[in-house]
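Heads up, the thing below is written out as structure tokens.
Nothing in this text is a laboratory measurement; each read-out follows from the coordinates by a stated rule. Since the model is a prediction, treat every value here as computed from it, not as a measurement. Note: ideal-geometry Cβ built from the backbone for every residue, glycine included; neighbour counts use all protein chains shown.
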Amino acid sequence: MTVLSDLPKRLEDAGYVRDFLSQVGAVTAAHESVDPTALEALTRQPTPASTLGKVFFMARRVPQAELEAALTQPLCQLLLQEGLLVDAGGRQLQASYAIVPARGFWGLRDFDAWATGRPLATDHVLGAGIASALLADLTVRRKEERVLDLGTGQGFQAAMAARHAAHVVGTDINPRALRLAALAMRLNGIEHVEFRAGSMFAPVANEKFDLLVSNPPFVIAPPHDLTVMGGRWVGDSFVEQLVTRAPEFLNEGGWATVIANWHHPNAADWAARPTAWISGRGVDAWIVKWQTDDPGTYAENWLRERATTGGTYAMADARRQLPEWLEYYRSLNIGAISMGAIYLRKRTANGTAPGNWVRNDSLELQHVGGPAGAQVQRLFAGETHLRSLRSEAEILDFRLALSDTSAMEQHFRPVAGQLQMQQAHIRQTQGFGFPMALGPVPTAILTVLTPQRLARDAVRDLALEMKADPAIAYEKSWPFLAEMVRMTHVTIAGA
Ligand SMILES: C[S@@+](CC[C@H](N)C(=O)[O-])C[C@H]1O[C@@H](n2cnc3c(N)ncnc32)[C@H](O)[C@@H]1O
């Protein structure tokens, strides 16, 4: 019997990914760089891959017999029944949605404006983009959780969560998005994802989750009609409401991972507003910021993005809109806009446990890559542990070790005919890199740490070997070791 989940393999076998999507750079999350001339050239090839590219990427109609040759007749019939294909008349077929895989998930999305030649509809469903892929990397993932994907859109985050979760609820205000997402789950053979329509937390009132993941409509723009970009939420009010209310929906020990843009009066005070949203809500939080733009740069970037990918505006229209965007920012007293991620972990601070904390870090996105979830859990454990000490100097009385994902490079130079270590660089190989330069003594300290003995003993032996006073070595090393724990380069045994 032919079933919907036969389609991905059929598309693969016919070379849709290898010979078409990969050739136009459309397999990974982003497809900004699709070159229309290259596409045209590909479509002239008389191959099944070209037929599939025309149908499922370019919104073209093709003769029914041609598509049946690429997909089989029963599969085409099934896709017609499921509404994935429509009869375009004249014995031609056309796809209702684009099909583009990202990270092994066969996602459905509306065709881009360049493909249809029409502006985006107000309920346009986007594919998984750069921000979607970044969030998938940043998300804290455990096993068998109950997950909420708020603003699920095409269902990409829900599908990523389905790989480790017991149950996933995807919500969205756009019912069309939910229809596409539900169809995509069937296409991918995923059964434990449920979709509910509604705004913000309304579809999950009084429920609790172990993980909340959200790539919300975060673009800060004057009111418009595109739901996927937030429509009529003022400033960053969607993100504010999401982050402020998220703790209510988390189980004890539960996590939220949200990517966000937020505004502030001056570039320097980037952390104040999100910190205020979170404080006193029973969660530990890490606000990590990778970019702050002045309003002009921010507006230009988004207008250019819309002009090139959304296709709703030509570049000239984008330029015409700039004053309106700037006036909007002035009216809201927006002096700068930051981009980053906000992590929350629900933790009841009682007894000997330290009070809830909010940590802010500014770092560069170029140093972020690959799955970060395990590292973020370590970061929270380390931060909480440090805050549970009466003095951070007590860190010496724990067994410390370099984390498994640390990598160190050492630079040597000949001095008096002998190689001498000048400087070292340490970083994390996946997730948040936290690159740091280290001098010879800190490097030596790191190399003597082992999980078998207390850091104090390792530091003492090193001091004696270097003919230094251990008491002075302790004083100098504990702030460094605490910093290394904070940066996740060093872990605390048992923490
Ligand atoms: C940037 S897209 C994210 C899609 C997908 N989760 C991803 O990561 O690619 C934002 C989504 O939020 C949805 N959305 C907009 N306003 C909403 C609201 N008030 N409540 C819930 N979802 C909303 C949009 O329809 C859209 O699907």
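For every other residue with a beta carbon closer than 12 angstrom to the beta carbon of GLN422, add +1 if it is Lys or Arg and -1 if Asp or Glu, then tell me the sum.
Values: positive: ARG413; negative: GLU409.
Local charge sum for GLN422: 0.
Counting only helical runs of four or more DSSP H residues, what would the 222 nm mean residue ellipticity of the chain come to if each run contributes -39,500 (n - 2.57) and the total is spread over all its residues? Can you show the working numbers first?
Working: 17 runs with 171 residues, N = 495.
Estimated from H runs of four or more residues: -10000 deg cm²/dmol.
What spacing in nm lies between the two simple spin-label points modelled at ARG196 and ALA401, each 7 Å away from Cα in the Cβ direction?
It works out to 4.3 nm between the two label points.
Give the dimensionless ratio obtained when the Cα radius of gyration of the chain is divided by 2.2 N^0.38 Å.
Details: Rg = 26.1 Å, N = 495, 2.2 N^0.38 = 23.2 Å.
Dividing the Cα Rg of the chain by 2.2 N^0.38 Å gives 1.12.
How do the peptides 355-364, 133-142, 452-461 rank, highest first, by the average count of neighbouring beta carbon atoms within 10 Å per residue?
On the way: 355-364: 15.7, 133-142: 21.3, 452-461: 18.0.
Packing proxy ranking, top to bottom: 133-142, 452-461, 355-364.
Quick one: which residues, 5 or more positions from ARG399 or on another chain, have an amide H under 5 Å from its amide H? H modelled 1.01 Å from N in the peptide plane, none for Pro or chain starts.
The list, which skips near neighbours in sequence, is ALA455, ALA493.
Which net charge results for the neighbourhood of ALA473, defined as the other residues with beta-carbon distances under 12 angstrom from its beta-carbon, given Lys and Arg at +1 and Asp and Glu at -1? Show your work: numbers first, answer last.
Working: positive: ARG456, ARG460, LYS467, LYS476; negative: ASP457, ASP461, GLU465, ASP469, GLU475.
Once all neighbours under 12 Å are counted, the net charge is -1.
I want the local charge near ILE337. Using Cβ-Cβ distances under 9 Å, sum +1 for each Lys or Arg and -1 for each Asp or Glu among the other residues. Intermediate values should be presented prior to the final figure.
Values: positive: none; negative: ASP236, ASP293, ASP294.
Overall, the nearby charge balance is -3.
Arrange the peptides 395-401, 40-46 so that the one whose residues have, on average, the most other Cβ atoms within 10 Å appears first.
Numbers: 395-401: 19.9, 40-46: 12.7.
By packing density, highest mean first, the sequence is 395-401, 40-46.
Throw me the Rg/Rh for the range 138-248, computed over C-alpha atoms with Kirkwood Rh, two decimals.
Details: Rg = 13.6 Å, Rh = 14.2 Å.
Answer for the range 138-248: 0.96.
Among the listed pairs LYS143/LYS208; LYS9/LYS208; LYS9/LYS143, give every one whose C-alpha distance is greater than 26 Å.
Details: LYS143/LYS208 16 Å; LYS9/LYS208 37 Å; LYS9/LYS143 28 Å.
Listed pairs above 26 Å: LYS9/LYS208; LYS9/LYS143.
Which of the lysines could a cross-linker span from LYS476 if the Cα-Cα distance has to be under 19 Å and same-chain partners fewer than 8 positions apart are dropped?
Excluding near neighbours in sequence, the set is LYS467.
Would the range 369-490 count as rounded, prolate or oblate if I go by the C-alpha gyration tensor, calling it rounded below 1.5 in a/c and otherwise prolate when a/b exceeds b/c, oblate otherwise? Kindly include the intermediate steps, with their values, before the conclusion.
Working: a/c = 2.39, a/b = 1.17, b/c = 2.05.
The shape class here is oblate.
Points 7 angstrom from Cα along the Cβ direction at THR37 and MET436: gap in nanometres?
About 5.0 nm separates the two model spin labels.
Please compute one quarter of the surface area of the Cα convex hull for the range 393-452 and express it in square nanometres.
In nm², the orientation-averaged hull projection of the range 393-452 is 5.2.
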